[in-house]
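*Asks:* Here it is, the structure in full.
The values are calculated or read from the model by the stated rules, or taken from the named source; none is laboratory data. In this text, all values refer to a predicted model and were calculated from it rather than measured experimentally. For neighbour counting, all protein chains shown are included, and Cβ atoms are generated from backbone atoms with ideal geometry for every residue, glycine included. Keep in mind that these areas ignore ligands, DNA and RNA; they rest on the heavy atoms of the full protein, side chains included. Shrake-Rupley method; radii C 1.70, N 1.55, O 1.52, S 1.80 Å.
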Amino acid sequence: MHVLSPEDARLVDGLRAGDDAAFAALMRMYGAGMLRVAQMFVSSRTDAEEVVSDAWVAVLRGIGRFEGRSSLKTWLYRIVANTAKTRGVREARTVPFSALAAEGEGELAVDPDRFIGSGDRFPGHWGAPPQAWAPEPELLESEALDVIERAIQQLPPAQRAVITMRDVQGFTAEEVRNALDLSETNQRVLLHRARSKVRNALEEYMR
Amino acid sequence: MRLDRELACNEMVELVTAYLEDALAPVDRERFEEHLVFCDGCDRYLEQMRATIVATGRIDRGHLPAELEERLLEAFRGWRAS
């Protein structure tokens, strides 16, 4: 159950009044996210920017009717997603994510060699457990974020879409399921595979 | 509390997402948490997964390309004037 935050309510009022500052604030908060949503559905960066541009027209047309029953972020991103999907269907470029739900079938979260084999006293237990990640100074923190960003970019499309929406953009599981037309199990499995790979990438980096 | 079957670490790492999503059946949740008490490796793995999720939430701090934002601003001003 969403309630429009006071900040978002002010934004919406400001937009309706044609206030430049409201425009700037909306771009700052949601601009990059809107482009990221578009990129989940169309392959080229140019196309994604055009999707955002087209979606923005729909946003302006609809802002007078927006009732705040969903959050502003959800409403904006949904318009972008619908715009992207329409364009994708026209250009026959998108594949429904439900068809990609089996992506990564058989992948394991951690290299099986790191666990003790079945002949031993403690089969399946850690042989090479995770080492502590030392706290890093600020400089390295942005490098760690680059590692995560790269790891996400290398994911297959449905895994990339789910982890982007859930962990990068903060959508709920239900919102992601509805947006990408996935069952609860599919969504969770895709998220699991994606997160496992990202954690592995960070572990490599931290070594 | 006696559990019928302990979880092995290679099972734990496959259950971690379901655990964090609160999607484990109560019996499995108990087994999961019991294992954490006695296993540093899995405890650390869970903490690293949590840290990964938090860090992932920080990557979307970018902004639109200037030229695109300029286009959107023009559309906004055009709309406001109509």
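*Asks:* Ranked by accessible surface with a 1.4 Å probe, highest first, in what order do A:Glu103, A:Glu143 come?
*Replies:* Correct descending sequence by accessible area is A:Glu143, A:Glu103.
*Asks:* Each label point is 7 Å from the Cα along the Cα-to-Cβ direction; what then is the distance between the points at A:Asp181 and B:Arg5, in nm?
*Replies:* 3.7
*Asks:* Please give the FRET efficiency for A:Ala24 paired with A:Glu143, using the beta carbon to beta carbon distance and R0 = 41 Å, rounded to the nearest 0.05.
*Replies:* 0.90
*Asks:* How far, in degrees from 0 to 90, does helix A:72-90 lean away from the longest principal axis of the Cα atoms of chain A, to the nearest 10?
*Replies:* The helix A:72-90 is inclined about 80 degrees to chain A.
*Asks:* Ok, one more. Quick check: with the 1.4 Å probe, what order do A:Thr185, A:Thr83 take by accessible area, largest first?
*Replies:* Largest accessible area first, the list is A:Thr185, A:Thr83.
*Asks:* Here's something else I'd like to know. Could you derive backbone 3J(HN,Hα) for region A:174-186 from the dihedral phi with the Karplus parameters 6.51, -1.76 and 1.60 (θ = phi - 60°), listing whole Hz in sequence and x where the residue is Gly or Pro?
*Replies:* 3J(HN,Hα) across region A:174-186, in whole Hz: 5, 4, 5, 4, 5, 5, 9, 6, 10, 6, 4, 5, 4.
*Asks:* Can you give the accessible area per residue of the protein assembly as shown, in Å², using a 1.4 Å probe?
*Replies:* Using a 1.4 Å probe on heavy atoms only, each residue of the protein assembly as shown averages 53 Å².
*Asks:* Taking 7 Å along the Cα-to-C-beta vector as the label spot, tell me the A:Gln131-B:Ala66 distance in nanometres, rounded to one decimal.
*Replies:* In this crude spin-label approximation the distance works out to 4.3 nm.
*Asks:* Sticking with this structure for a sec: Which of B:Ala66, B:Ala51, B:Ala23 moves the most in a Gaussian network model of chain B with Cα springs under 10 Å?
*Replies:* Fluctuation is largest for B:Ala66.
*Asks:* Based on the Cβ-Cβ distance of B:Ala81 and A:Asp111, what FRET efficiency does E = 1/(1 + (r/R0)^6) give at R0 = 45 Å, to the nearest 0.05?
*Replies:* Approximately 0.15, to the nearest 0.05.
*Asks:* Shifting gears a bit: Using 7 Å Cα-to-Cβ label points, what is the B:Ala25/A:Val57 separation (nm, one decimal)?
*Replies:* 5.4
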